[in-house]
1. Would you check which residues across the range 213-238 are surrounded by 21 or more Cβ atoms within 10 Å (Cβ to Cβ) and either assigned to a strand (DSSP E or B) or within 12 Å of the ligand (Cβ to nearest atom) (or both) and list them?
2. Just a yes or no: is a residue in the range 169-178 touching a helix residue (DSSP H, G or I) at 6+ places or on another chain (Cβ under 7 Å), farther than 30 Å from Pro292 by Cβ and within 16 Å of the ligand (Cβ to nearest atom)?
3. With respect to Arg248, determine if the residue is modelled with pLDDT of 95 or more, of a type in the set (D, E, K, R), away from the ligand (no atom under 14 Å from the Cβ) and surrounded by fewer than 16 Cβ atoms within 10 Å (Cβ to Cβ).
4. From the list Leu110, Leu104, Leu84, Leu8, which residue is within 30 Å of Arg328 (Cα to Cα) and part of a helix (DSSP H, G or I)?
5. Could you list, in sequence order, the residues of the range 325-344 that are in contact (Cβ under 8 Å) with a residue 40 or more places away in the chain and closer than 15 Å to Thr211 by Cβ?
6. Please find, among Ile122, Ile191, Ile113, the residue that is within 30 Å of His342 (Cβ to Cβ), assigned by TED's automatic domain parsing to the domain that holds Asp334 and within 21 Å of the chain's Cα centre (by Cα).
7. Among the residues of the range 193-206 satisfying the criterion of being more than 10 Å from the ligand (Cβ to nearest atom), under 16 Å from Met312 (Cβ atoms) and modelled with pLDDT of 95 or more, which is surrounded by the most Cβ atoms within 10 Å (Cβ to Cβ)?
Amino acid sequence: MQEKLHALKEEALTKVAQAEDLKALEAVRVGYLGKKGPMTEVLRGMGKLSPEERPVVGELANKVREAITTALEEKKQRFEADVLNTQLKTETIDVTLPGRPVNLGGPHLLTSIVTEIEDLFIGMGFDIKEGPEVETDYYNFEALNLPKDHPARDMQDSFYITEELLLRTHTSPVQARTMGEYRGNKPVKMICPGKVYRRDTDDATHSHQFTQVEGLYVDKNVRMSDLKGVLNQFAKQFFGEEREIRLRPSFFPFTEPSVEMDISCKVCHGKGCSVCKQTGWIEILGGGMVHPDVLKMAGYDPEIYSGFAFGMGPERIAMLKYGVDDIRHFYTNDQRFLTQYHKA
Ligand code: 2U9
């Protein structure tokens with residue numbers, strides 16, 4: 001049996017030396033060390049040996065197995081190194097080739113406009129506040145002096161979720177919530193940018209979801225002239241120093257008196273053209289002095305506190321500033337539109 005083992009070792013080592021690739025090597029391994037191979041057969045036959053012979057043959061069998069395994073492993077490593085070396089020689093990378101262009105992203109025009117508006121108001125001491133897009137009927141309407149029978153509360157005009165919950169139709173509830181939080185004894189100076197929802201049919205100037213930035217300043221002795229000063233500052237910084245503003249009387253349920261603000265047309269400088277519909281002026285936002293009932297509902301005594309509020313649509317403002325002719329461009333994400341406004 002010992003001779004047989006020696007012969008097996010020599011035979012296997014010769015086959016390992018002759019193997020020309022990994023496949024041949026694996027065949028040698030299975031052939032000699034596999035379950036059906038001669039080594040297994042030898043080990044199985046050990047039971048028939050005398051107790052003196054058994055440990056001697058056992059030790060030799062282990063040595064033979066080890067010698068074959070080591071030879072197989074060494075040769076395998078040599079083959080693998082050869083494969084890697086060939087790969088390294090043939091698969092060279094030309095580092096001088098020009099790179100493929102990468103499309104760089106950038107902020108969406110609407111994001112840039114809202115950020116710009118925020119920065120201007122932060123510069124005038126306003127805080128930025130956010131609130132929920134799913135609102136209660138109370139904060140969206142009731143607290144803003146829009147009583148139950150007001151036409152703006154028509155189920156047909158808003159996305160109602162339940163009788164009491166709806167998608168906010170403006171960002172004003174954020175201001176109502178903030179005033180409520182301050183419990184009527186602390187000034188409020190904030191703007192609230194965010195998404196709002198109305199049941200409108202989408203066209204070039206309407207969208208069922210759009211953006212608003214509203215502002216509120218409540219303190220002792222806040223006057224209409226403060227509103228005019230803040231809005232004039234905003235208009236000149238945003239649209240250009242040469243632009244003039246004017247306020248026209250208007251109506252909103254949450255402000256009294258209410259105004260709408262126009263800026264002078266940059267195309268005709270007030271002479272009248274097709275952009276300003278021959279008026280020389282373009283409407284950009286609405287505002288007014290906070291209605292005493294709105295102050296009262298939020299816990300502010302209108303005899304002590306007064307405030308101004310305003311609201312604007314960043315899409316409309318961006319359309320005017322950049323000559324965008326369709327509000328849907330903001331939401332359809334056509335790269336040809338969006339990339340025009342990426343800063344270099
Ligand atoms: C509180 C009190 C008063 C917010 C105001 C406007 C006037 C306004 C529109 C402009 C175009 C919205 O984007 S738009 O459709 N907004 O004209 N918004 S006053 O007044 C408030 C808000 C909150 C507590």
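1. Passing the criteria: Val213, Glu214, Gly215, Leu216, Tyr217, Val218, Leu227, Leu231.
2. From the range 169-178, those touching a helix residue (DSSP H, G or I) at 6+ places or on another chain (Cβ under 7 Å) are 169, 172-173, 176-177; that's our starting set.
Narrowing further to those that are farther than 30 Å from Pro292 by Cβ: none.
No.
3. Details: modelled with pLDDT of 95 or more: yes; of a type in the set (D, E, K, R): yes; away from the ligand (no atom under 14 Å from the Cβ): no; surrounded by fewer than 16 Cβ atoms within 10 Å (Cβ to Cβ): yes.
When the stated conditions are applied, Arg248 does not pass them.
4. Values: Leu104 fails: part of a helix (DSSP H, G or I); Leu84 fails: within 30 Å of Arg328 (Cα to Cα); Leu8 fails: within 30 Å of Arg328 (Cα to Cα).
Result of the check over Leu110, Leu104, Leu84, Leu8: Leu110.
5. Listed by number, the residues that qualify are Ile327, Arg328, Phe330, Tyr331.
6. On the way: Ile122 fails: within 21 Å of the chain's Cα centre (by Cα); Ile191 fails: within 21 Å of the chain's Cα centre (by Cα).
Exactly one residue qualifies, and that residue is Ile113.
7. Looking at the filtered set, the residue picked out is Pro193.
Per-residue answers, yes or no, for (1) surrounded by fewer than 20 Cβ atoms within 10 Å (Cβ to Cβ); (2) outside the structural domain of Asn145 (by TED's automatic domain parsing); (3) touching a Cys at 6+ places or on another chain (Cβ under 8 Å); (4) in a loop (DSSP other than H, G, I, E, B):
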| position | (1), (2), (3), (4) |
| --- | --- |
| Cys273 | yes, no, yes, yes |
| Asp293 | yes, no, no, no |
| Gly299 | yes, no, no, yes |
| Arg316 | yes, no, no, no |
| Asp326 | yes, no, no, yes |
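The values are calculated or read from the model by the stated rules, or taken from the named source; none is laboratory data. Keep in mind the model is a prediction, meaning the values are calculated, not measured. When we count neighbours, we look across all protein chains shown, and the Cβ atoms used for this are built from the backbone with ideal geometry, even at glycine.
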